[in-house]
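Below is one structure, written out as C-alpha cells, with a few remarks after it.
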Amino acid sequence: MMYRKIIIIACLIEVSFLIFLQYRYNNILDVFSFIGALVFFMALSYFLKFQISKKRKEVVLFLQALFLMFVPIYVISTLPQYTYESAVDKVTQNLEEPYVVNKQKNTLIQNGSNEIKKGYMFTVEQNSKVNSYAFDPWTGNYHEVQD
C-alpha cells in the first residue's frame, strides 16, 4: 500500500520542518504536540499494514492527510515576525562595531493587552558595558532589562 509510505515520508518531512523552525525561532514555538501527533501517525501508518477493515483504513488515511495539511498551514500562519537573528539585528542596528551578543534563555513577556507569551532574551556587550534586552518576536517591540 503506497499511501502508507507516503504518509510516513510526509510525517518525517513535517517533523524535520518543525524541528528546523524550533531552532530558527530559538524554541519559542509550541510545536511539540504536533511533533508527537506526527510520530503517532507514523506509527499508526506502520501498523495499518495489518488486517483491519478497508473502511477503517480509508478513514485513518483521510484523517492523517487532513492533519498533514493542517499542521504546516497552522504553524506558518502563527510564526512570529522576527527570528532570533533578525531580533538581534534590529536591536544592534545602530551600534558601532565591535559588540558581542550573548544568547540567554527565552523569557515570558507581557504585551500591552496583558497577554503573556514567550520572547527572546539576550545581552549585548560593547566597550565593557553590558545591556540585556527582552524582545517580542511577534511585534518587534523590545526593551532593556534592568538587573
>> Of all residues being open to solvent by less than 80 Å² (accessible area, probe 1.4 Å) and either assigned to a loop (DSSP other than H, G, I, E, B) or not hydrophobic (A, V, I, L, M, F, W, C) (or both) in segment 68-82, which is nearest to residue 2 (Cα to Cα)? Just the residue, please.
In response: 72
> Of all residues in segment 61-119 being charged (D, E, K, R) and modelled with pLDDT of 85 or more, which is nearest to residue 45 (Cα to Cα)?
Replying inline: 118
> Looking only at residues in segment 12-67 that are assigned to a loop (DSSP other than H, G, I, E, B), in contact with a helix residue (DSSP H, G or I) (Cβ under 7 Å, 6 or more places away or on another chain) and farther than 30 Å from residue 116 by Cβ, which one is least open to solvent (accessible area, probe 1.4 Å)?
Replying inline: 48
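The values are calculated or read from the model by the stated rules, or taken from the named source; none is laboratory data. The shown structure was predicted, so the numbers you read here are calculated from the model rather than taken from an experiment. Cβ coordinates were reconstructed from backbone atoms using ideal geometry, including for glycine residues, and neighbour counts include every protein chain displayed. Ligands, DNA and RNA are excluded from the accessible area calculation, which covers all protein heavy atoms including side chains. Shrake-Rupley method; radii C 1.70, N 1.55, O 1.52, S 1.80 Å.
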